[in-house]
1. May I ask for the percentage of alpha-carbon pairs in segment 4-99 that lie more than 17 Å from each other?
2. Going by average Cβ neighbours within 10 Å, how do the peptides 67-77, 90-100 rank, with the highest at the top?
3. Among residues other than Lys75 whose Cβ falls under 14 Å from its Cβ, what is the net charge (Lys/Arg +1, Asp/Glu -1)?
Amino acid sequence: MSDKSITMVRIYLTEGDHQLKELLAHLHDVEKVSGVTAFRGIAGFGRSGKMHSSDLLDLSLNMPLVIEFFDEQQKVESVLQRLDSMIEPGHIVSWPANLR
């Protein structure tokens, strides 16, 4: 079996953005991309420098979230054009990969 070229995408959010359900539904129902996974981080910070973390004293519901998906390059490029209106600039990273 030969490798297949794909593009991987990561979208960085926080729970406080309240975008997770809408974004997952969009990627699944509208875009029909392959391999979507959502990760909840235990700690992180972004451009603002504000630390988001969980500990026993602060059961924050504003934890970092990462949504990752992949598909063929052309499909990902068209998906990303539509996501530009949904996701704040600077929160999407993509790179080429091989599916084995």
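Read the figures in this text as sums done on the coordinates, not as results from a lab. Everything numeric here is computed off the predicted structure, so don't read it as measured data. Glycine also receives a Cβ, built like all others from the backbone with ideal geometry; neighbour counts cover every protein chain displayed.
1. Values: 2318 of 4560 pairs.
Everything past 17 Å amounts to 51 percent.
2. Working: 67-77: 16.5, 90-100: 12.3.
Taking the mean over residues of other Cβ atoms within 10 Å, the ranking is 67-77, 90-100.
3. Around Lys75, the surrounding residues sum to -1.
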